[in-house]
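All remarks here apply to the structure that follows.
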Amino acid sequence: GFPVCECNSCYGGPDCSELSPACAVNAGSGDPYFLEPFWRQHAASSAVVVAGWHRMGYSYSDNTYMSQELEKRVRILHSIVGNAVTAGRYIVFGAGSTQLLNAAVNALSTDNSSMPAPVVASIPYYPVYKTQTDIFQSINYKFEGDASLWKNSTSDATVNVIEFVTSPNNPDGQPNKAVLSGPNAKAIHDHAYYWPHFSPIPTPADEDVMVFTISKLTGHAGTRFGWAIIKDKAVYDRMIQYMDLNTMGVSRDSQLRALKLLKVVIEGGGREIFDFGYKTMRDRWQKVSETLSKSKRFSLQKIAPQYCNFFHKVRESSPAYAWVKCEREEDRDCNAVLQGANINGRNGSVYSAEDRYVRLSLIRSQDDFDLLFQRLNKLV
Ligand code: PMP
């Protein structure tokens, strides 16, 4: 009596096969359903059963609330993928990377400083950096927008300037580097998309503060599990203190599910999930770029190919999002142009860029993508 699947909002009928022509395709949200077919293929090996008596306590006996088995597996994962150095580094778990973003801002700022530490990012940037930093209204830090405006002020700053560096970037997929340098420039490297699905892996990332998440790795955004890799003991201690005070660590149930999922990822050296992820994302990117290249009205970001040490070859781009630009002078609201063709993306201004840009999500389900592709072809 249970439905096997829910219909995508654009489909109806008893087996979800009837497409409603008027419905707008969702190309807005970054729900990573593109990996659902992989997990359907691995349904049994990825399943978790938890008996009622299991892991009932807070489990603060080790003072970290973190499963050591899971921490070990995270380190193995990075060594297989080659996307981050973990030897000699500390690891902190978070409820998604979202919780770790503010934990890191807090850890890199200082108590009782003369002024709040400026928190900055390069445009276009993921909006949560601002909205989350704003909501805490801390006297220790304050969101100040565009990183490049702080280039000359880090050497003589009396407080740390905290820069969010997203690499590959959301929304445009670029392999960003920190724009600020100097003793007071501290960076939080958000590597949510630094996985072979979306990016060549030229070298293991080796920064002081790095944030990762399973959301875009396995696609389990709803499990809310991420981790930070930290070089400095004092920063690590402040992050652990934040996690203790904020949520007393990450749900043990989430940790258990993450453990099981990572086991499947790691099997066979990660080849299976990353082959699937890369093929899917590459195919989607090729389709979208081929279609949009037929029209002068739209342009797409260009990402340089790089040698990938995971696949051992030069890899073309396969980003999570299309960052579309409307080229006509009068198309200042690019999302409105796309909405006219029943495509719902996200306005450029969400990422502090012009509304001449729109972000289209390419990581949703195959149904969503096929419909997006169909609508784009019609529009072009
Ligand atoms: N950083 C970036 C750049 C993201 O795009 C996202 C998710 N959209 C996150 C962090 C947060 O991911 P989560 O909290 O699910 O780990």
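Looking at Ser352, Ser299 in this structure, which one is within 16 Å of the ligand (Cβ to nearest atom), in contact with a helix residue (DSSP H, G or I) (Cβ under 8 Å, 6 or more places away or on another chain) and hydroxyl-bearing (Ser, Thr, Tyr)?
Checking each option against the conditions leaves just Ser352.
Only one of Val161, Val165 is β-branched (Val, Ile, Thr) and within 16 Å of the ligand (Cβ to nearest atom). Can you tell me which?
Criteria check complete, one pass: Val165.
One residue is enough: does the range 250-273 have a residue meeting the conditions under 28 Å from Val380 (Cβ atoms) and surrounded by fewer than 22 Cβ atoms within 10 Å (Cβ to Cβ)?
no
Taking the condition of being of a type in the set (Lys, Arg) and under 10 Å from Val119 (Cβ atoms), how many residues in the range 138-176 meet it?
The number of residues fulfilling the criteria is 1.
Which one of these does Arg364 not meet: (1) touching a residue at least 60 places away in the same chain (Cβ under 8 Å); (2) outside any loop (DSSP other than H, G, I, E, B); (3) among the charged types (D, E, K, R)?
With respect to (1) touching a residue at least 60 places away in the same chain (Cβ under 8 Å); (2) outside any loop (DSSP other than H, G, I, E, B); (3) among the charged types (D, E, K, R), Arg364 is out only on (2).
Would you check which residues across the range 88-108 are outside any helix (DSSP H, G or I) and either among the charged types (D, E, K, R) or touching a Phe, Trp or Tyr at 6+ places or on another chain (Cβ under 9 Å) (or both) and list them?
Passing the criteria: Arg89, Tyr90, Ile91, Val92, Phe93, Gly94, Ala95.
crowded, with 18+ Cβ neighbours inside 10 Å and either at pLDDT below 95 or assigned by TED's automatic domain parsing to the domain that holds Leu19 (or both): is that true of Asn309 in this structure?
no
With respect to Asp172, determine if the residue is surrounded by fewer than 16 Cβ atoms within 10 Å (Cβ to Cβ) and part of a loop (DSSP other than H, G, I, E, B).
no
Quickly run through the range 97-126 and pick out the residues that are small (Gly, Ala, Ser) and more than 15 Å from the ligand (Cβ to nearest atom).
Those that are small (Gly, Ala, Ser) and more than 15 Å from the ligand (Cβ to nearest atom): Ala107, Ser109, Ser113, Ser114, Ala117.
The values are calculated or read from the model by the stated rules, or taken from the named source; none is laboratory data. Just so it is clear, the model here is predicted, and its values are computed rather than measured. Methodologically, a virtual Cβ is constructed for each residue, glycine included, from the backbone with ideal geometry; neighbour enumeration extends over all protein chains shown.
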